Structure formats: C-alpha cells, structure tokens
DNA sequence: CGGGTGAATGTTAGCGCTAACAGAACCTCG
DNA sequence: CGAGGTTCTGTTAGCGCTAACATTCACCCG
C-alpha cells in the first residue's frame, strides 16, 4: 500500500496570487547570486557584511521564507520528528507529548503527531507508516501498552525509533518512569502505617505500566511474607475505580488500598464515601500519577508522582542520540517520587 | 528572521546504507518509465492492469515510499496542517487537538503541532511562523485567550487560519463551544433550586472562555433583577479553587456557586469540606467542562459538558472550507450541555 | 485499407534548494 | 612583484517528483 491520500484535491482553489518568493527572487533584488543568499540564510560560508546586509534587507522586504520541501529534497533531512501517541487526551501521554515537543522545537525540529485510539499491532504500524510518509527523521512511540510492545517488534529498522513506557523486551530503546519502584514505595508506605497487607486496584492487564505497578506491589508484599489479596482490576477510568470500590467494600481486613492510578483512586474514594467508609480513618488509599487534581480530592490523595515533562525531554534526548547513530538498546528509567497526603494520614 | 535551526547538524551520522528507492528504481525493476509508476502510485491516468500489477509488485519488493519533499516541491502542497496549542496538557485543549488530528488524518492530512506555554502576541506569532516553516497548508490556533485574539489580529493573511475558542472580534473564522449559553444554563439551573443568587468562581480574566462564562452568569442574574455578588477569580487550577473556596466560606447568603471549570470546583469542594460546609446540603455547586473525573467527585459534580472531539472535527471542517477558498469570517458555535449530578441535588 | 480515435506509455522540463567545485578579488610574504 | 594563500562570490548539476506534451499502438469505421 502506497500513499493514496490526495488531500483536498477537488476542493482546493488555484493557489492564490503570486507564488512565494524564492532564493532567486531575493538574489535578483539584492544583486547577488542565489547561492550567496543561501549562504546568508543558512549562515554557511563567508559573506561580506555589506553583502549580507543587502541580502537580509531583500529577504525582509520580500518576506522570503525558505522552502522546506526543496531543502529536504536536496539534503535528505526534513527537520521533523514524529510522535505516535496512544490515548493522547490522557493526562500522562498529553504531558509527555508536550515535553517532547518542547525539547524538539528547542533543537530546531518540528513535530508531527499521529494519535491512535485502540492500540494494536496494526494501528501502531499504520501510525508509524503514516508518519514516515511525512518524511519524519525519527519516531517516538508513546504507548505503554503490551500490544504496543509487540508492534515494536515489527518496528522498521531503517528509521530511528524510541519508545516511552514500552516493555523491557522491546527491540528499541525505551524510556519510562520506574513504575516498579514507584509501586514498591507506595506499598511500603502503606505498610509502614501498620497494616497487615495492602489491596491493589490494578490497571488493565494489557498495559505494561499496570503490570509493572502490580508487580511492584506484589513483590513488596511477598518479600515480607505478607498475604497477597486478590487483585481487583479497572480500566484507568474513575468509573471503573468506583465499581471496584463497591466490590471492595466489606472485604474483611480492608485497611489499605493501592490504586494503579489517581483517577481510579478517585472512584474508590467515591465508592467508600457512599458506603460510609472513611478515608483515612477506616481505610488508607494511595494512587499513582499525581495528577494536578490529586491534592484536592476528598481527602487529598497520597500518590506517586511521575515527571512527564522530564520524561518527554529525556525521550527526545534518547531519540537524538539514536539519530546520531548510537544504537543503545538500553532501557532508561526516570525515578518516581512518593507524595504523601491526607489519604494515608496515620491513625 | 529566517530559519537558522540546523537540527542535529554536528551529531548526525552520514545517512545509513543505500538510499531509499525512487520512482526510477521501481520503474527500472518493472520495466516501465518512471511516469507510469507515478501514475500507478497516484492513481492518476490510465494504466493497463497487467502493467499496474508489475509496478505494484516492484513497489512492494523495493519497499518504495513516495518522497514527500519532492512531491511537495513540485505540487506546492505539503499535505500537512499545523496546530498551535496553548496549554496542550489541559484536558480541553488536548481533546480538541485529538479531534482535529483524527479528522485531518481521515482526510489524508498530516498534523504538525507547536505548543505554547505562555500566550502572548509574540509567542503565538512565533508558533505560527514555526509551523509555516514546516510548510503547513493551513493552521488551527487553539487559544482561548485574549492575547491570542490579539495575536490573531496580526495573523498572516496568506495562509488559511482558523481559531478555536477565539474572541468574536478575531479577524479569522472561529469555532467555539457556546460558553455564554452554557454558563447561562448552569446559572439558571442553580437558580431553579430556589436560591436568591449565585456566586461565581471565574477563570483568569485574560481568557475569553472565562469572560464568556462570567458574562453568561452575570446576564442571567441581571435579567432577573437579582443581586450580583462580587466575582472571585481563580486560574483554572484546583489550588486556586481551593483558595477561592476558603475566601468564600462564611460569606453571608452563600447558597450556590458556579465555578468556571471543574478543576476549580474540585478545589472548592475541598475547601468547603474542610470548613464543614456540606455540598449539596448547605451549598450547591456547579462546574464547567465535564472532565471524566467530575462524575466521581465528592459529591458528583453538576457541570456543563463540552464536546471537544466534536469541536475538533468541526474545526477541521472549517479549516478545510477555508483552504478551499471560502472566506467565512463567521463565528461557529457548538452547543454546551448541562449535566446534572449530586452537587446540585434539591433540598 | 487509410485515417481518425482514444487508451497506454514515454519524454522533457522544472519545482527551489544545496553540494561541489570554479573563479575572482584581495591579501601576505619572500 | 609574483607565487600562494585566503576570502568572497558565482556556476553547474541534480535531489525525486509531477505537469504537460509527445508518441506509440490497437482498434473501429466508412
């Protein structure tokens, strides 16, 4: 399959007015060759200050803007990166995207995006392909999803590609927050309050982050020889947290719950409130993410902060390295930080 | 000022391996001219089925991918749109972006983004300029901000540009949710519960959305000859809502509050809870946005839903129209919908 | 059976730019 | 003063593609 999209074909009016000025136009006005203009514009090669002035004046006057297509054609570099974003309206992915985009722009790159709703081997492959058609020089896949990991197995090897939050086995460099350690910290914090065990409201099974967090929780309990309660599973949404909360109400020995994200924790709190269970008096609750709202939940939520902006910046760095020829297959971890609030106030 | 960014200049390794296959390569393998290949690939002009087969096979075998730069150079069309996003990690903007991107991709366009942290005439201008350097064919500015509106006054007229949530006076087509009407509905709903008046926690003064919501609230009260309490102002964040809530506690006649967004409403709820004021028993609260969390606040929040995905889709439609030569300067409104929940349960 | 017709294919030019080299102008120094 | 730099500027070619026109070929019809 090859590019068949012909955007706006029928609808487009003939291009308006006189075309954009070119190097030649500027050159004509400044009385130099187009090559001199190119040198001024790109600051490549020596130009007499006086000549430069004339050229710059002409550039200004004509409103000259380099034609990226022509430049890309001859240099083979488009100056654009691509980002594949899964569920990009979620807080985490959106912030990560933001971080990447900022870092990229500072380095002089443009960013093209392609979002995917339902993950899967094909959809991510399609997204990558769609970006390649836009001639991106490198790709970041924001896809903390198991199938995403599998999709990466089939990742093209002829374009630099890095992933955020991908699995360990991914055949590409991966950067992610240390979910495992974050979960461990949250669980230990809950245990430090004197509980016999900690329940876990996990995220969807096919999300790597959900798995890592669950593993961190489980390992912590097991390392201490504590009972590991059955996992309750949600889908990240507040609604699923609410439903899980209703299911948890009345469980014997329910004293501490670690939710795999803040939104589900919110649902939990809601369900507990409705059932007359008080947090933190009766049950302690911790979340994950530290969304801006978390500090204002009822009660304010103890949670694990992920610095998404930092993740975005470092991801870009990783991609840049990769584009420079480095082929680190390594997995890079950004530490997570426990933020203690009222939902785990000691009794 | 002209493009001076030279991405990855020093770091970049010489391009790896043999270059990407070109039309000529495919042509050679299929035993036809490059022009025939072009026709097959673009489905332009007649090609004998048998020839097409051969060409397609060669395309497949070589992994041919059209070179966008070359195509853009000769056609003058890049197949890319640009989106300037302000605070793109907020729920609303992120969702809008998502909607635009989806609609654009379906129509065969790629999307380049450029986010801006602090708005202002220059920063938005810079963003637009940065996108133009990426040769986008049209631009959407997501910037529900007053200064954004002003920046749009200086918008270049030689590229199709539309805005989301811009002011009425903007010299470009604007699409937005009907903030005024939404605020009116929320206020009337609160009044319908039998209150003498409704307090308002407004958003930042320099946001158009904040202004429209405030106006909707004020007009509703004034139309009924009701007392208009002094506006309390926040910055959209839960924290500012919390602070506003503390300021409101103890005000005489505080029975109903309309918050300009859900996050601030969350802060309000928090402050009220801490002060022993019960919602909805003592005070009624309504928000704006209907973020996914709103239904799970304590108590679940009555709010005004904005369909951001729809906004995104329609914005793209507007831009497409504009690119086709239409020059509707009109302002398009998407209706907002009141969602009633427990925070305004009648007493 | 010649000439018209239309479908299928090929040829050519050029989009705007940069790389690579070629030339001109100016120095420096023995 | 001229060989041998240096600095500045110009010329040429070609990136991969599509638009426009040119050509070929098969076929139909009077």
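Quick notes on this structure:
- Among the residues of region B:33-58, those that are more than 10 Å from DNA strand D (Cβ to nearest atom) and touching a residue at least 24 places away in the same chain (Cβ under 8 Å) comprise B:54, B:55, B:57, B:58.
- Looking only at region A:296-307, and only at residues there that are touching a strand residue (DSSP E or B) at 6+ places or on another chain (Cβ under 8 Å) and surrounded by fewer than 24 Cβ atoms within 10 Å (Cβ to Cβ), the one that is nearest to residue A:81 (Cα to Cα): A:307
- The lone exception for residue A:171 - which of (1) buried (at least 21 other Cβ atoms within 10 Å of the Cβ); (2) closer than 15 Å to residue A:331 by Cβ it fails: (1)
- Residue A:68 being touching a helix residue (DSSP H, G or I) at 6+ places or on another chain (Cβ under 7 Å), within 16 Å of DNA strand C (Cβ to nearest atom) and modelled with pLDDT of 90 or more: yes
- Yes/no for residue A:73 being farther than 30 Å from residue A:210 by Cα and either away from DNA strand C (no atom under 15 Å from the Cβ) or buried (at least 19 other Cβ atoms within 10 Å of the Cβ) (or both): yes
- Residue match in region A:301-314 (condition: without any contact (Cβ under 8 Å) to a residue 24 or more places away in the chain, closer than 27 Å to residue B:271 by Cβ and in a loop (DSSP other than H, G, I, E, B)): no
- Applying the set (1) away from DNA strand C (no atom under 12 Å from the Cβ); (2) touching a residue at least 12 places away in the same chain (Cβ under 8 Å); (3) not in a helix (DSSP H, G or I) to residue A:93 leaves exactly one unmet item: (3).
- Residue list for region A:52-90, filter: more than 7 Å from chain B (Cβ to nearest Cβ) and either under 30 Å from residue B:91 (Cβ atoms) or within 20 Å of the chain's Cα centre (by Cα) (or both): A:81, A:82, A:83, A:84, A:85, A:86, A:87, A:90
- Given (1) more than 20 Å from residue A:145 (Cβ to Cβ); (2) away from chain B (no Cβ under 13 Å); (3) in contact (Cβ under 8 Å) with a residue 40 or more places away in the chain; (4) buried (at least 16 other Cβ atoms within 10 Å of the Cβ), index of the condition residue A:253 fails: (4)
- Residue check: residue A:296 meets all listed conditions (1) touching a residue at least 24 places away in the same chain (Cβ under 8 Å); (2) within 14 Å of another protein chain (Cβ to nearest Cβ) but one, namely (1).
- Residue check: residue B:336 meets all listed conditions (1) buried (at least 22 other Cβ atoms within 10 Å of the Cβ); (2) farther than 20 Å from residue B:214 by Cβ; (3) touching a helix residue (DSSP H, G or I) at 6+ places or on another chain (Cβ under 9 Å) but one, namely (2).
- Residue within region B:5-14 that is within 15 Å of DNA strand C (Cβ to nearest atom), surrounded by 17 or more Cβ atoms within 10 Å (Cβ to Cβ) and either closer than 22 Å to residue A:133 by Cα or modelled with pLDDT of 95 or more (or both) present: yes
- Test set (1) near DNA strand C (Cβ under 10 Å from one of its atoms); (2) within 9 Å of chain A (Cβ to nearest Cβ) - residue B:37 fails condition number: (2)
- Flag if residue B:325 is closer than 30 Å to residue B:173 by Cβ, surrounded by fewer than 20 Cβ atoms within 10 Å (Cβ to Cβ) and within 14 Å of another protein chain (Cβ to nearest Cβ): yes
- Looking across region A:40-51, the residues that are more than 8 Å from DNA strand C (Cβ to nearest atom) and within 14 Å of chain B (Cβ to nearest Cβ) come down to A:40, A:43, A:47.
- Test: residue in region B:45-58 that is more than 20 Å from residue A:129 (Cβ to Cβ) and at pLDDT below 90: yes
- Among residues of region A:200-245, those that are free of Cβ contacts under 8 Å to residues at least 60 places away in the same chain, part of a helix (DSSP H, G or I) and touching a strand residue (DSSP E or B) at 6+ places or on another chain (Cβ under 7 Å), counted: 5
- Unmet criterion (only one of (1) assigned to a loop (DSSP other than H, G, I, E, B); (2) under 23 Å from the mean Cα position of the chain (by Cα)) for residue B:265: (1)
- Residue match in region B:188-198 (condition: in contact (Cβ under 8 Å) with a residue 24 or more places away in the chain, closer than 28 Å to residue A:295 by Cα, touching a strand residue (DSSP E or B) at 6+ places or on another chain (Cβ under 9 Å) and not in a loop (DSSP other than H, G, I, E, B)): yes
The values are calculated or read from the model by the stated rules, or taken from the named source; none is laboratory data. None of the values given here were measured: they were computed from a predicted structure. Positions of Cβ are backbone-derived with ideal geometry, glycine not excepted, and every protein chain shown enters the neighbour counts.
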